[in-house]
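Read the figures in this text as sums done on the coordinates, not as results from a lab. This is a predicted model, so every value here is computed, not measured. In this analysis, Cβ positions are derived from the backbone assuming ideal geometry, glycine residues included, and neighbour counts consider all displayed protein chains.
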Amino acid sequence: MKKKLFSFLVIIILLTMWAIFTKPFYTVPILNYHSINTAQYRKDTPKVSPELFERQMNFIYRKGLKVISLDEYVEFLRSHKKIKNAIVITSDDGYDDNYLYAFPVLKKYGFPATIFIIEKHIGVTSGFLNYAQIKEMEKNHISFGSHTINHVYLPSVKSEEGLRNEIIGSKKNLEKKIGHRIDFICFPLGGYNEHIIELVKQAGYVAAFTTNRGADKLNRNIYAIKRIKITNKDNRFSLWFKTSGYFNLFNKFKKPN
Ligand SMILES: [Zn+2]
């Protein structure tokens, strides 16, 4: 009996120590989806099936996590306010399967999300969103950000004009077509450098998003906020870990460029 009590106490002490130690390292997890359709072939694009997406949203709902919009998230960062048990949902590239399969699920749970779109494909290329779908989604808590014009790896763009076009030009074009300010950009393949961040600031973006690049594990830099990739390989345990707020702490990060 004494032995059992001792083990119990040790476990309680260890759990308390773990809670105290990890608390300052909590970061709101920002999930990063791409295609929500595994039936459709897209080379090198991370995919999640519509069924798994539904299960994952259900998991977030049952776990009682508060899904906040990117606007709310950035506001928390800027005001240095503390927030716990929150989560942000983002998706990159702007595939039309986001409208067909993710949007009905997000609507069902009332979850906000942000989709970063490749400007040149929107309303033009088959398999991508069009502006009518964007308008409809915007009425239901889905917001949109720039994912540049051509989806090029920005650190490899040599011409200054080309770089300005991808960063500043995509913002202007999208604002004209969607009809309001575009506050956020996400870097294709997560690549960035100091000059790119300078142009992001010049363009007037409020924040910029990357993948798993850079050494800032706690997302202190508002112009290189890290996100967590979700694919069809994620199971219950990995999703639990990725939505815990401590995944970044243990994740190995790549160089920015
Ligand atoms: Zn992309």
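Structural remarks
- For the chain, a Gaussian network of Cα nodes joined below 10 Å ranks Met137, Met17, Met57 by mean-square fluctuation, and the top entry is Met17.
- Working note: Debye formula, equal point scatterers on the alpha-carbon atoms of the stretch 182-246, no solvent; log10 I(q)/I(0) at q = 0.14 Å⁻¹ is -0.47.
- The Cα-based radius of gyration and maximum Cα-Cα distance (Dmax) for the stretch 5-158 are 19.0, 67 Å.
- Distribution of pairwise C-alpha distances over the chain, 5 Å bins, in %: 1, 6, 13, 17, 19, 16, 12, 7, 3, 2, 2, 1, 1, 0, 0
- This model, with +1 at the C-beta of Lys and Arg and -1 at the C-beta of Asp and Glu, gives the stretch 125-201 a dipole about its Cα centre of some 260 debye.
- For the pair Lys252 and Ser79, the difference between a 0.36 nm per residue extended length and the Cα-Cα distance amounts to 59.5 nm.
- Oblate is the label for the stretch 115-257, because a/c, from the alpha-carbon gyration tensor with a ≥ b ≥ c as root eigenvalues, is 1.5 or above and a/b does not exceed b/c.
- Relative to the Cα centre, the charge distribution of the stretch 33-76, modelled as +1 at Lys and Arg Cβ and -1 at Asp and Glu Cβ, gives a dipole magnitude of about 280 debye.
- Distance between the stretch 36-84 and the stretch 190-222 - C-alpha centres, whole angstrom: 20 Å
- Averaged over residues, the count of other Cβ atoms within 10 Å places the peptides 106-115, 35-44 in the sequence 106-115, 35-44, highest first.
- The chain, dipole about Cα centre (Lys/Arg Cβ +1, Asp/Glu Cβ -1), debye to the nearest 20: 1320 debye
- Per-residue ellipticity at 222 nm from helix content only, as computed over the chain with -39500 (n - 2.57) for each DSSP H run of at least four residues, stands at -10500 deg cm²/dmol.
- In degrees, nearest ten, helix 194-203 long axis to first principal axis of the chain (Cα): 70 degrees
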